[in-house]
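Enquirer: Attaching a single structure in structure tokens format; questions to follow.
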Amino acid sequence: MTYALWIVQALLALIFLFAGGTKLILPLEALTEQMPLPGLFVRFIGVAEVLGAIGLILPGLLRIRPGLTSLAAVGLGLIMIGATVLTLAGGEVALALIPLVVGLLSAFVAYGRWSSSTAA
């Protein structure tokens, strides 16, 4: 189970580093064309995604406060709930499966790391 959690954590970290990094690098005009949200809010989401990606990996690698990994996964799961709702509101049901699956993987990590940190 530990190996599966680490693999999912690494994949999620890569996904969120890419998604958050693009939200930080792209100009505000390009961000607001793609999403019906204010540009600064999208930047905030980008910062949260990058910090969440770091939070998925570093606590376990450094063995400093490993319980933070589950909190990072919960936060990223909440972001994915919002992304799923926004995608569904835009009328794109098939595309809503992507943030839904990423959110479920985040929930898997949150549960797996939370249950292992309380058992120790």
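The values are calculated or read from the model by the stated rules, or taken from the named source; none is laboratory data. Note that the structure is predicted; figures quoted are calculated from it, not measured. Each accessible area value is taken on the protein alone, full model and side chains, heavy atoms only, with ligands, DNA and RNA left out. Shrake-Rupley method; radii C 1.70, N 1.55, O 1.52, S 1.80 Å.
Enquirer: Among Thr84, Thr22, Thr69, which one moves the most in a GNM of the chain with springs linking Cα atoms closer than 10 Å?
Expert: Largest GNM mean-square fluctuation: Thr22.
Enquirer: Could I ask something else about it? Under the rule of -39500 (n - 2.57) per DSSP H run of 4 or more residues, summed and divided by the residues of the chain, what mean residue ellipticity at 222 nm is obtained, to the nearest 500 deg cm²/dmol? Could you put the intermediate results ahead of the total?
Expert: On the way: 5 runs with 100 residues, N = 120.
The per-residue figure over the chain is -28500 deg cm²/dmol.
Enquirer: Also, I was wondering about something else. Give the value in nm², to one decimal: projected area of the alpha carbon convex hull of the chain, averaged over all directions. Let's see the in-between values first.
Expert: On the way: hull surface 29.5 nm².
Hull-based average projected area comes out at 7.4 nm².
Enquirer: If you line up the long axis of helix 97-119 against the longest principal axis of the chain, both from Cα atoms, how many degrees apart are they, to the nearest 10?
Expert: Roughly 20 degrees between the two axes.
Enquirer: What accessible area per residue comes out for the chain, rounded to a whole number of Å², with a 1.4 Å probe? Present the calculation step by step, with values, prior to reporting the outcome.
Expert: On the way: 7370 Å² over 120 residues.
With all protein chains present, the chain gives 61 Å² per residue.
Enquirer: Any chance you could give the angle, 0 to 90 degrees and rounded to 10, that helix 2-25 forms with the longest Cα principal axis of the chain?
Expert: Taking the Cα atoms of the chain, the angle to 2-25 is about 30 degrees.
Enquirer: Then there's this: May I ask you to rank Arg63, Arg43 by accessible area, largest first, using a 1.4 Å probe over the protein chains only?
Expert: Arg63, Arg43
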